[in-house]
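Novice: I'd like to ask some things about the structure below.
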Amino acid sequence: MTAATTHRPPAPLSPRLTTATTARVLRQLRHDHRTVAMLLVLPSALLGLLYLVWSDVPVRPGQPETFDRIGLTLLGVFPFVVMFLVTSIAMLRERTSGTLERLLTTPLSRPDLLLGYGAAFGLAAAAQALVTVTVATTVYDLDVAGPLVLVVLIAVVDAVLGVALGLLASAFARSEFQAVQFMPVIVLPQFFLCGLLVPREQLAGWLQVVSDVLPLTYAVDALREVGASPEPTGTMWVDVGVVTGAALLALGLAAATLRRRTS
């Protein structure tokens with residue numbers, strides 16, 4: 001048998017190894033109680049604070065309550081922000097602790113690793129979305145015209161986008177502090193320009209162009225479609241597709257730029 005046949009390169013993607021990576025990350029999350037609390041409790045707590053802030057704000061007759069109008073879109077923003085922060089720091093710890101170096105000496109490929117992380121945090125995002133939407137619609141009386149399952153779906157997709165961008169950002173950070181520093185660069189511009197603070201049509205022309213290429217814009221638009229229409233609309237599905245495509249693109253870029261260790 002020749003050396004070429006003895007030392008075969010690892011397969012680009014293995015469902016078994018991806019599943020094993022997902023299970024390992026979920027076990028780590030289960031034992032990290034502070035991270036679990038941040039994932040499951042923090043978004044609901046922040047929504048509750050905003051509910052109290054807006055509870056006595058007067059609205060014009062016939063207009064929706066402020067919390068119903070803005071709180072719904074925040075169901076997509078909060079998971080995006082939280083998952084970006086948690087994922088970027090978690091992946092950086094894998095590198096700085098040497099775990100990533102050891103994993104990549106095994107048959108585990110970079111796509112296996114990143115898809116495993118994405119799947120694990122995607123499941124965490126699903127749990128987060130279910131808890132947050134349930135609390136918002138029961139405790140805070142959030143009124144949504146469309147099906148709640150679509151709100152959960154959009155929140156999960158947006159959280160997965162945060163996971164993908166967090167994995168991508170971690171490839172360029174050398175410390176946890178630097179990973180946190182990427183948050184104002186990647187997250188805040190999307191928050192400012194997504195139409196949540198100022199309607200996008202009122203932005204300067206060049207800012208509207210920038211807003212058009214930011215994925216969080218489409219997540220906010222999708223949630224607004226659900227909030228306004230009792231049935232799913234074509235615009236909503238297009239928006240969800242754009243966010244999903246952006247998440248897959250970020251995962252691909254993260255796989256291409258993933259380094260074994262931080263020097």
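None of the figures in this text is laboratory data; all of them are computed from the coordinates on show. Just so it is clear, the model here is predicted, and its values are computed rather than measured. Cβ: placed from backbone, ideal geometry, glycine included. Neighbour counts: every protein chain shown.
Novice: Please give the peptides 77-88, 113-124 ranked by average Cβ packing (other Cβ atoms within 10 Å per residue), highest first, as a rough proxy for protection. Don't jump to the answer; show the numbers that get you there.
Specialist: Details: 77-88: 25.2, 113-124: 22.7.
My ranking of the peptides, most packed first, is 77-88, 113-124.
Novice: Let a ≥ b ≥ c be the square roots of the eigenvalues of the Cα gyration tensor of the range 89-230; is it rounded (a/c under 1.5), or, if not, prolate (a/b larger than b/c) or oblate? Mind showing how you got there, number by number?
Specialist: Details: a/c = 2.55, a/b = 1.50, b/c = 1.69.
It is oblate, given that a/c is not under 1.5 and a/b is not larger than b/c.
Novice: Report the relative contact order of the range 142-263, percent, no decimals, based on alpha-carbon pairs under 8 angstrom and at least 6 residues apart. If you can, show how the numbers build up before the last one.
Specialist: Working: 120 pairs, mean separation 52.9, N = 122.
About 43 percent, as a whole number.
Novice: Show me 215-228, 170-183 ranked by packing, highest mean number of other Cβ atoms within 10 Å first.
Specialist: The most tightly packed comes first, giving 215-228, 170-183.
Novice: Note the direction-averaged projected area, equal to a quarter of the hull surface, for the Cα convex hull of the chain, in nm².
Specialist: Working: hull surface 67.0 nm².
The directionally averaged projection comes out at 16.7 nm².
Novice: In whole Å, how far is the Cα centre of the range 175-210 from that of the range 31-85?
Specialist: Here the answer is 18 Å between Cα centres.
Novice: Could you give the nm distance between label points at Arg174 and Leu123, where each point is 7 Å from its Cα heading toward the beta carbon?
Specialist: 3.6
Novice: Rounded to the nearest 0.05, what FRET efficiency do Leu253 and Val57 give with R0 = 41 Å and r taken as the Cβ-Cβ distance? Could you check?
Specialist: Values: r = 41 Å, r/R0 = 1.01.
That pair, Leu253 with Val57, gives E of 0.50.
Novice: Sticking with this one: If each of Thr19 and Ala204 carries a label point 7 Å out from its Cα toward its Cβ, how far apart are those two points in nm?
Specialist: Taking the two extended label points, one gets 5.4 nm.
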